[in-house]
Amino acid sequence: IEQTAFQNDKLAMLGKIAAAIAHEIRNPLTSIRGFIQLLKPYLESIGKLEYARIILSEIDRANDIIYEFLNSSKPSAPMKQKLSVASLVKETILLTESEAHMKGCELQYEIYDSEIAVAIDVKQIKQVLLNIVKNAMDAILEAGDQRKGLIEMSARREGRFAVIRIRDNGKGMDRTTLNRLFDPFFTTKEEGTGLGLSVSYRIIRNHGGMIQVDSQVNEGTEFMIYLPLVADKE
Ligand code: ADP
């Protein structure tokens, strides 16, 4: 799936604007947050504590959007560091395991070529993998039936690339969703920002890699992340 240059430009421009104003928006949000906390006892006394919960979660959502914007507007040159793909996958599993268990999903991984390494901005690539695993959990929950959630990660060599696959047995995607998946702000979730995958796409592109997606409604989805391998002598 190819993202157009237009979408990339649009995202870069939005990121810049956001970086410029995010600070100014964050400060008032912080004080609103503080005052709502102070109003909690009052809201409780009139039986409307629920309002505080809604306001706080909406403020947090606004903060998340700003945070993701700021991430996407950061200088695009990644701070590269050599890392084995095996440890990248294992760390992602470690970081998501407890949330997965809480949500009743099983996480599995398989490393086919344990010696392969990539030169990556570890923070950025972890952000991508976490994003995709979290989306997988959401898709499993949204499938809403009795199936046992399963998320499988694997890593192997393919030509001059390391390929990390993340497969879920969640609700899958129809054509329309697949076509818009990487668009900034495209989301099908009530609480979504629609930024996770557009930012992920940019990060992978900046690393000289690519993302591919394969999905079947009601069956599940598979993301394939290609990252250039570090040559042995490097
Ligand atoms: P968000 O998670 O905030 O909605 P993303 O950019 O991460 O934003 O994802 C965009 C949309 O892509 C999601 O709202 C969802 O509809 C779809 N999507 C992403 N990953 C999956 C998946 N594993 N299974 C099904 N749908 C997915």
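No value in this document is a laboratory result; all are computed from the given coordinates. Quick caveat, the model's predicted, so the values are computed rather than measured. Don't worry about glycine lacking a Cβ; one is built from the backbone with ideal geometry, like all the others, and counts go over all protein chains shown.
Between F185 and K48, what is 0.36 nm times their sequence separation minus the Cα-Cα distance? Round to one decimal in nm.
46.1 nm
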Problem - Amide hydrogen neighbours beyond the local backbone of E106, cut-off 5 Å, H modeled - result: G149, L150, I151
Problem - Relative contact order computed over the chain (Cα-Cα under 8 Å; 6+ residues apart), in percent - result: 20 percent
Exercise for the section: Compute the distance in nm between two label points, each set 7 Å from the Cα along the Cα-to-Cβ direction, one at E24 and one at L178. Expected result: 4.3 nm
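Per 0.36 nm of contour for each residue apart, how much would the distance between K134 and K80 grow if the chain were fully extended, relative to their Cα-Cα spacing? All intermediate terms of the calculation are to be shown ahead of the outcome.
Numbers: separation 54, 0.36 × 54 = 19.44 nm, distance 2.44 nm.
Gain on stretching K134 to K80: 17.0 nm.
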Fill in the blank from the handout: Summing -39500 (n - 2.57) over every DSSP H run of at least 4 residues in the chain and dividing by its residue count gives a helix-only mean residue ellipticity at 222 nm, to the nearest 500 deg cm²/dmol, of -18000 deg cm²/dmol
Handout entry: Two-site label geometry, Q146 and I32: point separation in nm, points 7 Å out along Cα→Cβ
Key = 4.4 nm
Practice task
Read phi for every residue in the stretch 29-44 and hand back ³J(HN,Hα) as whole Hz from Karplus 6.51 cos²θ - 1.76 cosθ + 1.60, θ = phi - 60°, with x for Gly and Pro.
Solution key: 4, 5, 6, 4, 4, x, 5, 4, 4, 5, 7, 3, x, 5, 4, 5
Handout entry: Nitroxide proxy distance, nm - points 7 Å out along Cα→Cβ at D113 and L39
Key = 5.7 nm
Exercise for the section: Kindly write out, for the stretch 125-140 in residue order, the coupling ³J(HN,Hα) from the Karplus curve 6.51 cos²θ - 1.76 cosθ + 1.60 (θ = phi - 60°), rounded to whole Hz, with x marking Gly and Pro. Expected result: 5, 4, 4, 4, 5, 5, 3, 5, 5, 5, 4, 4, 4, 4, 5, 5
Completion exercise
For the chain, longest principal axis from Cα atoms; helix 49-73 axis from its Cα atoms; angle between them, nearest 10 degrees, is 40 degrees
Practice task
Select from L38, L141, L195 the residue whose mean-square fluctuation is largest in a Gaussian network model of the chain (Cα-Cα springs shorter than 10 Å).
Solution key: L38
Exercise for the section: Could you pull out every one of the aspartates and glutamates with an alpha carbon less than 14 Å from that of K134, ignoring same-chain neighbours closer than 8 positions? Expected result: E97, E99, E106, E142, E152, D168, E191, E222
